[in-house]
């Protein structure tokens with residue numbers, strides 16, 4: 001762990017502690033790169049199935065460059081270029097894209113693809129799949145689509161208690177990659193208690209970036225009185241960061257950008273924490289930091305906790321173009 005002072009210390013000023021890791025994860029970097037490279041390779045327009053990542057700023061920036069975001073395959077003209085978002089899609093969407101003769105570029109996060117493959121494996125074994133996550137989240141829609149007749153979605157311990165399954169001896173569980181570590185452990189423990197024969201994935205489905213950012217916020221709660229999380233309201237992992245802080249006894253607020261800061265939140269606060277969800281770009285963190293300086297938080301410190309060096313490869317049709325940049 002390292003603690004770096006960015007600005008000279010002013011003993012009369014208030015302190016902003018910015019924790020790392022924060023912001024873009026490897027899957028988001030890859031997804032955004034894919035859309036940008038597809039625009040360069042194929043020209044405008046490039047269609048994107050749902051938001052490429054759950055961040056309004058990122059989506060608007062790509063929209064300005066020529067990306068068109070759609071909710072259904074029917075909205076995409078026959079023969080066009082279509083990018084699947086980082087959250088993944090159910091198999092039926094892939095079939096629809098093929099029927100429309102679309103040129104598909106897949107930006108599904110490799111860690112989400114791993115969960116899809118696990119779902120297929122368990123389904124082939126004849127197991128009923130208990131999928132832990134948020135029912136309407138795009139990632140859950142995609143994963144549950146791999147074996148819809150064999151999948152039951154649960155979001156909390158209470159839903160586990162109400163489960164009725166065809167065969168308790170033939171069960172498996174998987175999780176959404178962006179969940180709260182604490183909540184997921186609680187749900188898995190209850191599943192194992194109710195169904196001792198249930199099996200799970202060989203390794204944890206919650207992605208490295210989600211875990212790292214939650215652990216960083218947990219550490220940050222020992223340093224500050226309030227934590228601001230930069231992220232969009234529909235970003236699962238960003239909302240979980242707020243919950244981690246509150247569970248640890250520190251007030252926390254989710255903000256889209258610097259304009260969302262309410263000065264009343266800062267009354268009496270001397271030490272303020274700042275982080276960002278895995279789909280929030282660093283430029284928003286910088287803008288928030290600048291606005292907070294105007295409220296007197298001029299002592300800025302970076303709390304560096306976990307080094308991230310994960311990189312994901314691009315689809316082969318775009319990898320060569322990245323190298324030529």
**OP:** Taking residue 321 as meeting all but one of (1) under 30 Å from residue 33 (Cα atoms); (2) part of a helix (DSSP H, G or I); (3) modelled with pLDDT of 95 or more, write down the number of the exception.
**Re:** (3)
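Kindly indicate whether residue 160 is outside the structural domain of residue 50 (by TED's automatic domain parsing), in a helix (DSSP H, G or I), free of Cβ contacts under 8 Å to residues at least 40 places away in the same chain and surrounded by 18 or more Cβ atoms within 10 Å (Cβ to Cβ).
Values: outside the structural domain of residue 50 (by TED's automatic domain parsing): yes; in a helix (DSSP H, G or I): yes; free of Cβ contacts under 8 Å to residues at least 40 places away in the same chain: yes; surrounded by 18 or more Cβ atoms within 10 Å (Cβ to Cβ): yes.
Yes; evaluated as a whole, the condition is true for this residue.
For the stretch 224-240, how many residues meet the condition of being in a loop (DSSP other than H, G, I, E, B), touching a helix residue (DSSP H, G or I) at 6+ places or on another chain (Cβ under 8 Å) and surrounded by fewer than 22 Cβ atoms within 10 Å (Cβ to Cβ)? Walk me through how you get there before you give the answer.
Of all residues in the stretch 224-240, those in a loop (DSSP other than H, G, I, E, B) come to 224-225, 231-235.
Subset that is touching a helix residue (DSSP H, G or I) at 6+ places or on another chain (Cβ under 8 Å): 231-233.
If we keep only those that are surrounded by fewer than 22 Cβ atoms within 10 Å (Cβ to Cβ) as well, we get 233.
Within the stretch 224-240, residues that are in a loop (DSSP other than H, G, I, E, B), touching a helix residue (DSSP H, G or I) at 6+ places or on another chain (Cβ under 8 Å) and surrounded by fewer than 22 Cβ atoms within 10 Å (Cβ to Cβ) number 1.
Does residue 274 satisfy the criteria of being crowded, with 17+ Cβ neighbours inside 10 Å, over 22 Å from the mean Cα position of the chain (by Cα) and not assigned by TED's automatic domain parsing to the domain that holds residue 55?
Spelling it out, it is not the case that residue 274 is crowded, with 17+ Cβ neighbours inside 10 Å, over 22 Å from the mean Cα position of the chain (by Cα) and not assigned by TED's automatic domain parsing to the domain that holds residue 55.
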Subject >> Candidates 78, 35, 95 - the one that is part of a helix (DSSP H, G or I), surrounded by fewer than 16 Cβ atoms within 10 Å (Cβ to Cβ) and not assigned by TED's automatic domain parsing to the domain that holds residue 259 >> reply: 95
**OP:** Read through the list (1) out of contact with any strand residue (DSSP E or B) (no Cβ under 9 Å at 6 or more places or on another chain); (2) part of a loop (DSSP other than H, G, I, E, B), then give the number of the only condition that residue 89 fails.
**Re:** (1)
Subject >> Among the residues listed as 255, 246, 306, the single one being more than 18 Å from residue 14 (Cα to Cα) and touching a residue at least 40 places away in the same chain (Cβ under 8 Å) >> reply: 306
Subject >> Flag for residue 191 being at pLDDT below 95 and either crowded, with 18+ Cβ neighbours inside 10 Å or closer than 23 Å to residue 117 by Cβ (or both) >> reply: no
Original post:
When the stretch 241-260 is examined, which residues are found to be outside any helix (DSSP H, G or I) and surrounded by fewer than 17 Cβ atoms within 10 Å (Cβ to Cβ)?
Top reply: 248, 249, 251, 253
**OP:** Answer yes or no: is there a residue in the stretch 135-145 that is in contact with a strand residue (DSSP E or B) (Cβ under 9 Å, 6 or more places away or on another chain), surrounded by 17 or more Cβ atoms within 10 Å (Cβ to Cβ) and more than 17 Å from residue 108 (Cα to Cα).
**Re:** no
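Kindly establish whether residue 206 is assigned to a strand (DSSP E or B) and either touching a strand residue (DSSP E or B) at 6+ places or on another chain (Cβ under 7 Å) or touching a residue at least 60 places away in the same chain (Cβ under 8 Å) (or both). Full working, then the answer.
Numbers: assigned to a strand (DSSP E or B): no; either touching a strand residue (DSSP E or B) at 6+ places or on another chain (Cβ under 7 Å) or touching a residue at least 60 places away in the same chain (Cβ under 8 Å) (or both): yes.
Considered against the rule, which asks whether it is assigned to a strand (DSSP E or B) and either touching a strand residue (DSSP E or B) at 6+ places or on another chain (Cβ under 7 Å) or touching a residue at least 60 places away in the same chain (Cβ under 8 Å) (or both), residue 206 comes out as no.
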Original post:
Somewhere in the stretch 127-144, is a residue within 20 Å of residue 277 (Cβ to Cβ) and more than 17 Å from the chain's Cα centre (by Cα)?
Top reply: no
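The values are calculated or read from the model by the stated rules, or taken from the named source; none is laboratory data. Small disclaimer: the values here were computed from a predicted structure and weren't measured. Using ideal geometry, Cβ is built from the backbone for each residue, glycine included, and neighbour counts are taken over all protein chains shown.
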